[in-house]
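This report concerns only the one structure given below.
A short reminder: the numbers here are calculations on the coordinates, not readings from a lab. The shown structure was predicted, so the numbers you read here are calculated from the model rather than taken from an experiment. All Cβ positions, even for glycine, are placed from backbone atoms using ideal geometry, and neighbour counts span all protein chains on display.
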Amino acid sequence: MKQRLTRELICLRIARELRDGMYVNLGFGMPTMVSNFIPPGEDIILHAENGILNYGETLTLEDDIDDDLVNAGCQPVKLVTGACFFDLATSFGMIRGGHIDITVLGAYQVSEKGDLANWQLPGQKIGGIGGGMELAFGCKRVIVAMEHTTRSNNPRIVRECSFPITARGVVKNIVTDLAYFSVTPEGLVLEETAPGFSPEEIQSLTEPKLLISPELKELEL
Amino acid sequence: MNKIVDDVKQALADVFDGAVVLIGGFGGSGNPHNLMNALVEQGARGLTIVSNDWTQWTALLENGQVRSLISGFTNHPFRPETTKLAEELCQENKLELETVPHGILEERIRAAKVGISAFYCPVGVGTVVEQGKEKRNIDGKECLLQHSLKADFALIKGYKGDRLGNIQCRFAAGNRNITMAGAATVTIAEVEQTVEAGEIDPERVNIPGIFVDRVVKMPKLVRWLDGHEVPGYLTPKV
């Protein structure tokens, strides 16, 4: 049956890239849901840019919420055993200094060379860079979680980003509601497809010419 | 030595028109909400507000007190009318806007605090952040020159404070308050409790008193109370 992935399933697929011993930062918006799919019993340590290592599940309004214990997306969270707090300069030192293994970021656009655009709409004066530029520059691996197309069904994976750039050449993998991609020096590689979607159909909704992985398979969920 | 000030109005009385004001906190957590509200009331105009996000500048902008905004977020993701106001004021040249990466902003503030005039950093190369900045290749990496950010006032939030200005922070509410303390000519801290000197264990002091000029006790204002979200999070937690 043909079905675009939900945001939860995109995050579930991304969570599969996390390994025991990794330090991971989840960006604002959709990426925060990746924390819901982290396998238990492993030390996958979440970094919150506002100054926490080893925060855990998000709380609901029924829980005992503490305003002083939130993640960078302003969500109240629990701590995992072995957590620590630190100031923001230190936090960004962790990011910029290359100490974080994976960051998962949202995007307006990603180019075939891995350029990321996710902080401002064209023509605007205002915008929200937040920690996104540091995360994009500093983390060892950038994974983007995004919708494959715009509301008018135009590609968001493009040859060149037309939206204001967050960082150039940083994205390693893209996970959309249609597919899983790798950015390589040879080009953008289609690795996995959402159930029922053919490579041709995915290509028709993607601007740059895709390379098809010899191990192309359907996303297992 | 007694840095404790009884009256929040007194604590902010000398904030002048055109001042550069750093405001602590991150997304509402660890924000000096009371100091910010008092600044709105105090009414100083033409301010340059240096902030992380919209939770530090919205009230001041809407009250017409901001001439220049230096912030990681110059939009409000949850209130379109605020975003629209900022955009319009900027298009009409009534508001100067600089959207900056959080980490760069933090280092610029820290540099002013610790006597570093300027530094080179690769973040922002290839983006609008590059505009107007000197670029240099250092060890094979393109880097931008960033200058220390000098400020007149820093408004910060702590948990406990004593007469020497020592501040203890709680959980993740330290965040930018720790960096900002001492990064301006005058640092003013709002705390939930003022305590006797020595009550905060020396190992538990997050902000050494040397960086703090004034300490004022104010109630903690919270966003979530008794199972619901408080609109505008201006409710004191008893």
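For the reader, a short list of remarks on this structure follows.
- The Cα-based radius of gyration and maximum Cα-Cα distance (Dmax) for the protein assembly as shown are 22.6, 75 Å.
- Between the stretch B:130-191 and the stretch B:1-48, the alpha-carbon center distance in angstrom: 15
- Remark on B:Ser29: its backbone amide H falls under 5 Å from none of the residues 5 or more positions apart or on other chains, H modelled at 1.01 Å from N.
- Peptides A:91-101, B:19-29 ordered by packing proxy, namely the average of other Cβ atoms within 10 Å per residue, highest first: B:19-29, A:91-101.
- Interatomic Cα distance distribution for the stretch A:9-101, bins of 10 angstrom, percent: 16, 51, 30, 2
- Label-to-label distance for A:Ser152 and B:Asp201 is 6.1 nm, based on points extended 7 Å past Cα in the beta-carbon direction.
- Rg/Rg_globular for chain A, with Rg_globular taken as 2.2 N^0.38 Å and Rg from C-alpha atoms: 1.01
- Expressed as a whole percent, the proportion of Cα-Cα pairs in the stretch A:88-140 lying more than 19 Å apart is 33%.
- Measuring between alpha carbons in the structure, the pairs from A:Lys172/B:Lys135; A:Lys78/B:Lys150; A:Lys172/B:Lys141; B:Lys84/B:Lys113 lying more than 31 angstrom apart are A:Lys78/B:Lys150; B:Lys84/B:Lys113.
- A convex hull fitted to the Cα coordinates of the stretch B:68-129 yields 108 cubic angstrom per residue.
- Packing-based exposure ordering (other Cβ within 10 Å, fewest first) of A:Lys209, B:Lys160, A:Lys113, B:Lys84: A:Lys209, B:Lys84, A:Lys113, B:Lys160
- For the stretch B:8-236, diffusion coefficient by Stokes-Einstein and Kirkwood Rh (Cα), 20 °C, 1.002 mPa s, µm²/s: 118
- For the stretch B:93-167, dividing the convex hull volume of the Cα atoms by the residue count gives 147 Å³ per residue.
- Karplus 3J(HN,Hα) series, Hz, for the stretch A:189-197 with 6.51 cos²θ - 1.76 cosθ + 1.60 (x for Gly, Pro): 9, 7, 9, 9, 10, 5, x, x, 9
- Semi-axes of the equivalent ellipsoid of the stretch A:132-221 are 22, 15, 12 Å, computed as sqrt(5λ) over the eigenvalues of the C-alpha gyration tensor in descending order.
- Residue order for A:Cys11, A:Cys74, fewest other beta carbons within 10 angstrom first, comes to A:Cys74, A:Cys11.
- Alpha carbon centroid spacing (whole Å) that separates the stretch A:78-136 from the stretch A:172-206: 23
- Summarising the label geometry, the points placed 7 Å from Cα in the beta-carbon direction at B:Val230 and A:Glu8 lie 3.3 nm from one another.
- Cα-based helix-to-principal-axis angle, B:102-114 vs chain B, degrees rounded to 10: 70
- Loop-located GluC sites (Glu not before Pro) in the stretch B:120-153 (DSSP state other than H, G, I, E, B) with a sparse environment of at most 16 neighbouring Cβ atoms within 10 Å: B:Glu134.
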